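Working notes, structure below.
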Amino acid sequence: SHQCPTETVPYVAPRHEILCRERRAKAASSVDLSKAKRVVGVGRGLAAQDDLKMVHELAAVLNAEVGCSRPIAEGENWMERERYIGVSGVLLKSDLYLTLGISGQIQHMVGGNGAKVIVAINKDKNAPIFNYADYGLVGDIYKVVPALISQLSR
């Protein structure tokens with residue numbers, strides 16, 4: 001109930017009319033992470049886009065989908081926006097969420113916290129992700145992921 005001054009001004013029509021000439025349907029995404037049973041999520045701990053190959057290989061061994069943090073989808077444009085997990089992205093309801101190099105900022109964890117089990121792998125022992133994780137491993141994803149692939153492929 002604040003009082004502020006108001007002013008009435010006349011309507012000014014736009015100089016040019018805007019006309020929509022074409023509408024295109026957005027291409028359907030190949031994945032719906034909100035329905036995935038297992039998700040491997042990748043964050044800024046990944047050094048290069050080519051390194052997504054090992055992430056996809058691990059996901060294949062786990063029969064999981066691959067998701068990412070916002071910087072990977074919107075900053076680096078390494079993955080489709082439909083794979084972005086977080087407050088402005090997908091909210092997971094998976095049985096497993098395995099995070100690789102994700103710091104665990106609250107904006108991301110709003111999307112990841114719905115997973116039944118969260119496993120975090122991060123080289124920063126103080127990363128906030130460990131506060132959310134059921135299981136955590138402080139380690140270099142470039143050493144841990146190949147070892148996981150090797151062991152899980154047996």
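For Rg/Rh (Cα atoms, Kirkwood Rh), pick the label among (1) 0.97; (2) 1.21; (3) 1.13 that corresponds to the value derived from the coordinates. Calculated Rg/Rh (Cα atoms, Kirkwood Rh): the matching label is (2). For region 33-152, what is the relative contact order in percent, using Cα pairs closer than 8 Å and at least 6 residues apart in sequence? In percent, rounded to a whole number, it is 26.
Placing +1 on each Lys and Arg Cβ and -1 on each Asp and Glu Cβ, with no other charges, gives the chain a dipole about its Cα centre of roughly 280 debye. From least to most packed, judged by other beta carbons within 10 angstrom and beginning with the fewest, I106, I18, I129 follow the order I18, I106, I129. Once each of the GluC sites (Glu not before Pro) sitting in a DSSP loop with at most 12 other beta-carbon atoms within 10 Å is removed, the chain keeps 23-154 as its longest stretch. For S103, nonlocal amide neighbours, meaning residues 5 or more places apart or on other chains whose placed amide H falls under 5 Å from its own, are R44.
Against the chain, whose longest principal axis is taken from its Cα atoms, helix 141-152 shows a tilt of about 60°. Take every pair of alpha-carbon atoms less than 8 Å apart whose residues are at least six positions apart; their mean separation over the length of region 86-153 yields a relative contact order of 29 percent. Starting from the Cα of K37, step 7 Å toward the Cβ, then list every residue of region 92-115 with an amide N under 20 Å from that point. What the label zone holds, given the 20 Å backbone N cut-off, is 92-99, 114-115.
Taking R0 as 41 Å, what FRET efficiency do you get between Y142 and A25 from their Cβ-Cβ distance, rounded to the nearest 0.05? Result of the calculation: an efficiency of 0.55. Here is how the number arises for the chain: DSSP H runs of 4 or more residues each give -39500 (n - 2.57), the sum is divided by the residue count, and the result at 222 nm is -6000 deg cm²/dmol. Rounding to the nearest 10 and keeping the result within 0 to 90°, find how far the Cα-based axis of helix 52-62 lies from the longest principal axis of the chain. That works out to roughly 70 degrees.
Here, each number is a calculation from the coordinates, and none is a lab measurement. From a predicted model like this one, the values you see are computed outputs, not experimental measurements. A quick note on method: Cβ atoms are made from the backbone with ideal geometry, for glycine too, and the neighbour counts reach across all protein chains shown.
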